[in-house]
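Engineer: One structure, pasted below without further comment.
The values are calculated or read from the model by the stated rules, or taken from the named source; none is laboratory data. Values in this document were obtained by computation on a predicted structure and should not be read as measured data. Here the Cβ positions follow ideal geometry from the backbone for every residue, glycine too, while neighbour counts run over all protein chains shown.
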Amino acid sequence: MSMFSKDNNPLGDREALARHIHLALAVERPAGMELELGYRLIKRLFNPMILGAENIPDRPCLFVGNHSLFALDGWVLGPLMLKELNRFPRGLGDKFLFANAGVGDFILKRGTVMGHPEVCSALMQAGEDLIVFPGGAHEAVKPASMKYELQWKERYGFVKLAAKHGYTIMPFGLVGPDEFYGHLMEGRDIPDSALGTVLKRLGLLSEETRSDVLPPVPMGALGTFLPKPQRCYLGFGEPINLARYEGRTPTRKEQQAIRAAVAEQIETQLAELLFAREQHKGEDSLLRRLLSI
């Protein structure tokens, strides 16, 4: 029986939310053949490099970073952090991911949980690592002109939760996944295009559809839907310890200062990682360079 049958969807009542929390806390650390194969695939395809791992403290953290195109960062980060950093951060997913029983069951078993304050609090009380991308779905469909730019709007939830539990925020940057796919057409241009006309006739697009949340039309390696083998660079900044706020909510001014410090750390990492990529370009094989064009 699925963990998410129709009557216990975590989008539902209090009892359903409690069940989700119970199941989330019961998830075991991934291991075995699935993890090993995923890790080997990531290493072979994207040859990732990790910088600043020594900055990660030996205590539970809320990892906060930039969200990549189509949220493909999770595909890279999960196996890499488990195998090379010995950390199992629980990804905070949008609620819509759990509306479907099959999808919800699949991602929960692999560690992702619903990004709900009570779920996050329960995991923090249990001393779990968490990972969040404050830009959310909006940042995951950004146009090519905005790659590696944070789009957090006025989101402060991650700051308040980390402060309440006296958690350490661990800022990180990830370079590579934003370029796994080229953009044949930006999402914002789809409604006024021939493709948009077809989608409207099929009922998949309407006048009420927001163009800023439409994904771009992707183009992968050699014009296929396979991701380009762009080398990935993962970098960790300085930890931001919020132990002094435990049990209380920071003032609005304090929240703004904390959020700004986290964003600055991530932006610094992105700049350094892009520079590191330029320095290491000569190490890439000719095939990797050709397939990444």
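Engineer: Name the single residue, out of those in the stretch 57-75 being within 13 Å of the chain's Cα centre (by Cα) and surrounded by fewer than 22 Cβ atoms within 10 Å (Cβ to Cβ), that is farthest from Leu35 (Cα to Cα). Before the answer, list the steps.
Structural biologist: Start the filter on the stretch 57-75 by keeping residues that are within 13 Å of the chain's Cα centre (by Cα), which leaves 62-75.
From what is left, the residues that are surrounded by fewer than 22 Cβ atoms within 10 Å (Cβ to Cβ) are 70-72, 74-75.
Values: Phe70: 21, Ala71: 19, Leu72: 16, Gly74: 13, Trp75: 11 Å.
This residue is Phe70.
Engineer: Quick check on the stretch 23-41. Is at least one of its residues modelled with pLDDT of 95 or more and among the acidic types (Asp, Glu)?
Structural biologist: The answer is yes, given that some residue of the stretch 23-41 is modelled with pLDDT of 95 or more and among the acidic types (Asp, Glu).
Engineer: Looking at (1) outside any loop (DSSP other than H, G, I, E, B); (2) crowded, with 18+ Cβ neighbours inside 10 Å, which one does Asp212 not meet, given that it meets all the others?
Structural biologist: For Asp212, the failing item is (2).
Engineer: Considering only residues that are of a type in the set (A, V, I, L, M) and part of a helix (DSSP H, G or I), look in the stretch 275-293 and name the one that is nearest to Leu184 (Cα to Cα). Before you say what the answer is, go through the steps one by one.
Structural biologist: Quick first cut of the stretch 275-293, residues of a type in the set (A, V, I, L, M) only: 276, 286-287, 290-291, 293.
Next cut, part of a helix (DSSP H, G or I) only: 276, 286-287, 290-291.
Numbers: Ala276: 28, Leu286: 24, Leu287: 23, Leu290: 18, Leu291: 16 Å.
Checking each candidate, the answer is Leu291.
Engineer: Same structure again: Wholly within the stretch 44-162, which helices (runs of 4 or more DSSP H) include no fewer than the required count, namely at least 3 residues that are touching a strand residue (DSSP E or B) at 6+ places or on another chain (Cβ under 9 Å) and closer than 27 Å to Glu179 by Cβ?
Structural biologist: Working: elements: 73-84, 101-109, 117-125, 136-140.
Once the helices (runs of 4 or more DSSP H) in the stretch 44-162 are filtered for at least 3 residues that are touching a strand residue (DSSP E or B) at 6+ places or on another chain (Cβ under 9 Å) and closer than 27 Å to Glu179 by Cβ, what remains is 73-84.
Engineer: Among the residues of the stretch 25-40, is there at least one that is under 25 Å from Gln279 (Cα atoms), outside the structural domain of Ala137 (by TED's automatic domain parsing) and not aromatic (Phe, Trp, Tyr)?
Structural biologist: So far as the stretch 25-40 goes, yes, one or more of its residues are under 25 Å from Gln279 (Cα atoms), outside the structural domain of Ala137 (by TED's automatic domain parsing) and not aromatic (Phe, Trp, Tyr).
Engineer: Of the residues that make up the stretch 233-244, is at least one more than 19 Å from Ala140 (Cβ to Cβ), over 20 Å from the mean Cα position of the chain (by Cα) and loosely packed, with under 14 Cβ neighbours inside 10 Å?
Structural biologist: For the stretch 233-244, residues more than 19 Å from Ala140 (Cβ to Cβ), over 20 Å from the mean Cα position of the chain (by Cα) and loosely packed, with under 14 Cβ neighbours inside 10 Å: present.
Engineer: Of all residues in the stretch 98-113, which are surrounded by fewer than 20 Cβ atoms within 10 Å (Cβ to Cβ) and within 17 Å of Leu72 (Cα to Cα)? Walk me through how you get there before you give the answer.
Structural biologist: Just the residues of the stretch 98-113 that are surrounded by fewer than 20 Cβ atoms within 10 Å (Cβ to Cβ), to begin with: 99-103, 105-107, 109-110.
Passing the criteria: Val103, Phe106, Ile107, Arg110.
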